[in-house]
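The values are calculated or read from the model by the stated rules, or taken from the named source; none is laboratory data. Quick caveat, the model's predicted, so the values are computed rather than measured. When we count neighbours, we look across all protein chains shown, and the Cβ atoms used for this are built from the backbone with ideal geometry, even at glycine.
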2 protein chains.
Amino acid sequence: DIRQQLLEKYNISEPEYKLIETVIIENQPHKAGQQWKFAGALYFVTVVVAMIGYGHSTPETVSGKAFCIVYAIVGIPLGMVMFQSIGERLNKFTSIIIKKIKKLLGCNNTGATDVNQLCVTGTLSIIVMTVGAAVFSHYEKWNYMDSFYYCFITLTTIGFGDYVALQKDNALTTKPGYVALSLVFILFGLTVVAASINLLVLRFMTMNTEDVKTGDYEMQD
Amino acid sequence: DIRQQLLEKYNISEPEYKLIETVIIENQPHKAGQQWKFAGALYFVTVVVAMIGYGHSTPETVSGKAFCIVYAIVGIPLGMVMFQSIGERLNKFTSIIIKKIKKLLGCNNTGATDVNQLCVTGTLSIIVMTVGAAVFSHYEKWNYMDSFYYCFITLTTIGFGDYVALQKDNALTTKPGYVALSLVFILFGLTVVAASINLLVLRFMTMNTEDVKTGDYEMQD
Ligand SMILES: [K+]
Ligand SMILES: [K+]
């Protein structure tokens, strides 16, 4: 294979190849940076608690893995409590806005239906992603499509790790403002997207058990 | 730096170094395998819909990324509906078992409290993880601790991707039984762990608003 050809061409021994391998892998951008200093560690715990799990930095030692497990057992439910609490407040806030707008428009039924809520929260999610994509595209020098893909994969908590913010030019240590912005983007964006997904799930779940409410028909008027 | 020293020692040119880099990265175990044949693609969509996102295989092209986004928008809510439906049935089933056991033990209050539920689902989660860890340790030749870490990181949907099952020895194409077992493990395990986390979150959320129910005290008897 091509690997063997390269070894023979340059007369590289197996242990030396291993060294080159290590150097190359260490030099890959997303593995670089000062991952375990304060800003990097804060980024890591945010990525764990939000269940994004980019894998750009992971515990190597047995005690590191054990601590990560214990930390996640406590952190994930507490994180979810926080996201749900903020999400509930967001939903209450949007329903008040919807009611006021409906009153202004002179609708008969001024209640905020779940479809209304879904539209507002969904729109908010799209705004967060499109604005976020522009910001990350600027800082990370990604094209807009890649940047939008990064925002989407992050805020749905899939977190492939093929694109990870804050990994270039030692941004974690040299750009504290950008670090703060990224963390706020993750925390706020996650709340909005999670609220949208929850409303969508609720909509699917109640589809079979409930008749379509009369309020829902108003949307089509 | 060490990279420059290696280039000079072996008289490797920059484009040739790029080639070596590509070969090494392609040869990394988790990037290898037939990721986009049927079994690999099935594994990929499971990893997306369950929001695990190992990142062991990711879309490279613009159209691939766009399709992945659209697929996730539809797939994730539908996946959550499925997980929640199964989770609800699981909770109903465990509450029936708890009631029967309490009746047999002659308890005054035979209702299944949320703490009872949490204990049962939590125990089930631990069983799934410990048994799963043993199975993956056997197939993947990981030590038990690494294997347990893999199961935990997978079932909490963090999905770092530092350990990914089905990546050795072309397992995706040569071991259909193991592929099926892995997918069932992910789907069933996720349901159980998600139900546990939901009960834990519910417990935290109701802690401030409700007084501790009398039923909860029975646990300490
Ligand atoms: K994830
Ligand atoms: K992930």
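Given the condition farther than 28 Å from A:ARG203 by Cα and either outside any helix (DSSP H, G or I) or polar (S, T, N, Q) (or both), answer yes or no: does some residue in segment B:75-93 qualify? Scanning segment B:75-93, I find no residue that is farther than 28 Å from A:ARG203 by Cα and either outside any helix (DSSP H, G or I) or polar (S, T, N, Q) (or both), so the answer is no.
Note on segment B:156-186: residues that are away from ligand 1 (no atom under 16 Å from the Cβ) and away from every other protein chain (no Cβ under 14 Å) amount to 19. Can B:THR130 be described as under 17 Å from B:LEU183 (Cβ atoms) and either in contact (Cβ under 8 Å) with a residue 12 or more places away in the chain or within 16 Å of ligand 1 (Cβ to nearest atom) (or both)? Against the criterion (under 17 Å from B:LEU183 (Cβ atoms) and either in contact (Cβ under 8 Å) with a residue 12 or more places away in the chain or within 16 Å of ligand 1 (Cβ to nearest atom) (or both)), B:THR130 does not qualify. Look at segment A:35-63: where a residue is without any contact (Cβ under 8 Å) to a residue 12 or more places away in the chain and a partner is away from ligand 1 (no atom under 16 Å from the Cβ), sitting 6+ places away or on another chain with Cβ atoms under 8 Å, you get A:ALA41/A:GLN35; A:PRO59/A:LYS65; A:PRO59/A:PHE67; A:VAL62/B:MET145. Would you confirm whether or not segment B:104-122 contains a residue that is surrounded by 20 or more Cβ atoms within 10 Å (Cβ to Cβ), more than 14 Å from every other protein chain (Cβ to nearest Cβ) and under 15 Å from the mean Cα position of the chain (by Cα)? No; the residues of segment B:104-122 include none that is surrounded by 20 or more Cβ atoms within 10 Å (Cβ to Cβ), more than 14 Å from every other protein chain (Cβ to nearest Cβ) and under 15 Å from the mean Cα position of the chain (by Cα). Answer with yes or no whether B:ALA72 is at the interface with chain A (Cβ under 9 Å from one of its Cβ atoms), outside any loop (DSSP other than H, G, I, E, B), more than 16 Å from ligand 1 (Cβ to nearest atom) and modelled with pLDDT of 95 or more. Criteria not met by B:ALA72.
Listed by first and then second residue, the pairs with beta-carbon distance under 6 Å, at least 6 apart or on different chains, first residue in segment B:1-18 and more than 8 Å from every other protein chain (Cβ to nearest Cβ), second outside any helix (DSSP H, G or I) and loosely packed, with under 10 Cβ neighbours inside 10 Å, form an empty list. Residues satisfying the criterion are absent from segment B:49-57 (criterion: within 12 Å of chain A (Cβ to nearest Cβ), more than 19 Å from A:PHE160 (Cβ to Cβ) and at pLDDT 85 or above). If the condition is being part of a helix (DSSP H, G or I) and more than 10 Å from chain B (Cβ to nearest Cβ), then segment A:131-149 contributes A:VAL131, A:GLY132, A:ALA133, A:ALA134, A:VAL135, A:PHE136, A:SER137, A:HIS138, A:TYR139, A:GLU140, A:TYR144, A:SER147. Checking segment A:45-57 against the condition returns no match, with no residue being away from ligand 1 (no atom under 15 Å from the Cβ) and part of a helix (DSSP H, G or I).
Here B:VAL212 qualifies as part of a loop (DSSP other than H, G, I, E, B), more than 16 Å from ligand 2 (Cβ to nearest atom) and at pLDDT below 95.
Within segment A:46-68, the residues that satisfy the criterion of being under 19 Å from A:LEU155 (Cα atoms) and not aromatic (Phe, Trp, Tyr) are A:THR46, A:VAL47, A:VAL48, A:VAL49, A:ALA50, A:MET51, A:ILE52, A:GLY53, A:GLY55, A:HIS56, A:SER57.
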